[in-house]
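The structure appears below as structure tokens.
The values are calculated or read from the model by the stated rules, or taken from the named source; none is laboratory data. Because the structure is predicted, anything quoted here is derived from the model rather than measured. Cβ sites come from the backbone with ideal geometry, for glycine too, and all protein chains shown count toward neighbours.
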Amino acid sequence: MNLQALFGLDGRVALVSGASSGIGLHLAKTLAGAGAAVALAARRTDRLDAAVAELVAAGHRACAVPLDVTRSETIGPAFDAAESALGGGIGILVNNAGILYAGRFVDQDEAEVSRVLDTNLKGAFLVAQTAARRMARAGGGAIINVASTAGLRAAGFLSSYAASKAALIQLTRVMALELAGKGVRVNAVCPGNIETDMHQTFRDGGLEETLLKRIPQRRFGQPADLDGAVLLLASDAGRYMTGTAIPVDGGQTLSWM
Ligand code: NAI
């Protein structure tokens with residue numbers, strides 16, 4: 001078996017949203033390492049310059065494109081800019097941009113609810129739709145929505161966030177159904193607690209010890225822990241997979257009783 005042919009991404013072009021930090025930044029490097037040309041998309045491209053320079057210096061093809069997923073007018077131009085800089089159609093989307101709101105359901109005001117849903121659900125929807133239309137025209141592609149274990153199980157203090165991620169998982173399934181005939185596979189990864197800027201909210205709230213007790217593997221995840229699932233879903237290795245939502249969580253979604 002040729003693992004490089006199975007999991008490799010040579011000749012593919014990928015776009016990662018929210019690529020300026022954390023999981024998005026890491027996954028952009030992973031996809032490039034597997035052979036893909038990668039567009040790193042974020043609101044402020046100056047935050048991407050160092051990462052793009054590092055990738056290019058290592059012999060990869062990479063570019064930075066401006067994208068604010070809550071401003072729909074930026075989405076098409078981001079894909080156009082990526083395709084023109086990288087010289088090919090986007091065949092892999094890692095739909096990663098997202099924000100967290102942690103607080104009691106009764107306390108979250110309307111502006112915060114809108115911010116979370118506009119980014120995590122409507123923004124992800126519109127980015128995926130733009131990708132899907134292009135991939136369908138080109139004969140296929142792979143979309144990976146970055147959801148969360150919060151979309152699979154109920155966790156306190158995450159009402160709008162959990163609702164947005166559960167909706168993203170359901171969107172993944174409907175997209176998979178509608179797009180299978182066009183060669184576009186749509187899957188979700190559901191990270192557990194991954195140590196990024198987002199995780200800092202829990203650290204600041206003194207919740208780390210409590211959270212750790214709920215993770216059977218007794219450690220928080222690192223962005224690199226998502227590499228296996230994302231490479232599987234992005235590559236030919238995942239060619240018969242669509243509509244799945246894969247937890248990558250150290251067993252957090254399991255329960256003893
Ligand atoms: P992060 O805060 O480091 O990354 C989020 C990225 O999304 C940032 O680069 C941010 O600039 C970008 N972003 C936010 N709003 C945006 C917008 N309107 N347009 C474009 N980009 C925007 O946090 P992390 O952890 O890397 O999060 C990445 C994804 O992983 C998010 O969707 C998050 O919900 C998800 N996730 C993270 C978990 C964790 O424990 N860190 C657990 C489960 C899911």
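Remarks
- Selection within the stretch 98-112 - within 15 Å of the ligand (Cβ to nearest atom) and among the β-branched types (Val, Ile, Thr): ILE99
- Check on VAL189, farther than 15 Å from ILE99 by Cα, of a type outside the set (Phe, Trp, Tyr) and within 14 Å of the chain's Cα centre (by Cα): yes
- Residue check, LYS165 among the basic types (Lys, Arg), assigned to a helix (DSSP H, G or I), within 16 Å of the ligand (Cβ to nearest atom) and surrounded by 24 or more Cβ atoms within 10 Å (Cβ to Cβ): yes
- Filter result for ALA97 (closer than 13 Å to ALA28 by Cβ and crowded, with 19+ Cβ neighbours inside 10 Å): yes
- Any helices (runs of 4 or more DSSP H) falling wholly within the stretch 1-71 and containing at least 2 residues that are more than 22 Å from GLU195 (Cβ to Cβ), more than 8 Å from the ligand (Cβ to nearest atom) and touching a residue at least 60 places away in the same chain (Cβ under 8 Å): 3-7
- Qualifying residue in the stretch 206-228 (condition: in contact (Cβ under 8 Å) with a residue 60 or more places away in the chain, aliphatic (A, V, I, L, M) and buried (at least 21 other Cβ atoms within 10 Å of the Cβ)): yes
- Boolean, SER235 is polar (S, T, N, Q), on the phi < 0 side of the Ramachandran plot and either at pLDDT below 95 or within 16 Å of the ligand (Cβ to nearest atom) (or both): no
Okay, residues lined up against (1) under 19 Å from the mean Cα position of the chain (by Cα); (2) buried (at least 17 other Cβ atoms within 10 Å of the Cβ); (3) outside any helix (DSSP H, G or I); (4) at positive phi:
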position	(1), (2), (3), (4)
THR119	yes, yes, no, no
ALA124	yes, yes, no, no
ARG133	yes, no, no, no
ALA154	no, no, yes, no
ILE169	yes, yes, no, no
THR172	yes, yes, no, no
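- PHE202, sole failed condition from (1) within 16 Å of the chain's Cα centre (by Cα); (2) surrounded by 18 or more Cβ atoms within 10 Å (Cβ to Cβ): (1)
- Contact annotation: residue pairs with Cβ atoms under 7 Å, 6 or more positions apart or on different chains, pairing a residue in the stretch 94-117 that is closer than 30 Å to VAL230 by Cα and assigned to a loop (DSSP other than H, G, I, E, B) with a partner that is within 16 Å of the ligand (Cβ to nearest atom) and among the basic types (Lys, Arg), are ILE99/ARG115.
- Residue within the stretch 24-43 that is among the basic types (Lys, Arg), over 25 Å from ALA237 (Cα atoms) and modelled with pLDDT under 95 present: no
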